[in-house]
Amino acid sequence: MTDLSPTGHGRRRTLQAAAALGAASVLGLAACAGRDAAPDSTFVLLDGSKATTADLKGKVTLVNFWATTCVTCVKEMPSIVATYQKYQGQGFETVAVAMEYDPPAWVLNFAQSRQLPFKVALDNTGDIARQWGDVKLTPTTYLVDKQGRIVKRFVGEPDFPALHALIEKLLAQA
């Protein structure tokens, strides 16, 4: 039986494992730092079509890793929708990437019931999350410039006014 008391070895092992996971997550996220080229990825969309990061060049793009079971992801989604609707006519795109563990039927239901107006991709194998710095924490959001470079990474819900200011700055660039 594992001792889960505050002074027990079970708690210490749990804390050590959590610290190791946290360090690995931070190190993995560092792989996609600002102004690095966005990884070559192929997004399989809910309708079965595909989009690639190469297809998104020339647009400012928000790539959001999320899950239907993530409370913060669900909370921020209306703001992501509003951001997309505000800038879509100006060369802005959004791709919401559902995590590997998210059941496709749940993702489809979420996207349809909330009428998500942007591209929603399924990452059934986890390959896309690995390509983008081994994303494990949701939500994790990347802002990519027109040249296909990662400008900013947000872990957790973005500060939307600051995000909008950055989007506007990037849209104004040639």
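The values are calculated or read from the model by the stated rules, or taken from the named source; none is laboratory data. Quick caveat: nothing in here was measured; it's all calculated off a predicted structure. With ideal geometry, Cβ positions are generated from the backbone for all residues, glycine too; neighbour counts draw on all protein chains shown.
Taken over segment 67-82, residues that are buried (at least 21 other Cβ atoms within 10 Å of the Cβ) and closer than 15 Å to Leu143 by Cβ amount to 2. Any residue that is of a type in the set (D, E, K, R) and in contact with an Asp or Glu (Cβ under 9 Å, 6 or more places away or on another chain) - is there at least one of those in segment 102-113? Within segment 102-113 (the criterion being of a type in the set (D, E, K, R) and in contact with an Asp or Glu (Cβ under 9 Å, 6 or more places away or on another chain)), the answer is yes, since at least one residue qualifies. Before we move on, is Trp106 surrounded by fewer than 15 Cβ atoms within 10 Å (Cβ to Cβ) and on the phi < 0 side of the Ramachandran plot? So Trp106 fits the description; yes. Every test in (1) more than 15 Å from the chain's Cα centre (by Cα); (2) at pLDDT 50 or above is passed by Thr42 save one, and that test is (1). The criterion of at least 1 residues that are within 25 Å of Thr42 (Cβ to Cβ) and out of contact with any helix residue (DSSP H, G or I) (no Cβ under 8 Å at 6 or more places or on another chain) is met by the following strands (runs of 3 or more DSSP E) wholly inside segment 62-174: 119-122, 140-144, 150-155. A search for C-beta distances below 6 Å between a residue of segment 73-102 that is β-branched (Val, Ile, Thr) and any residue that is in a helix (DSSP H, G or I) and at pLDDT 95 or above, counting only pairs 6+ apart in sequence or on different chains, returns Thr94/Tyr84; Val97/Ile128.
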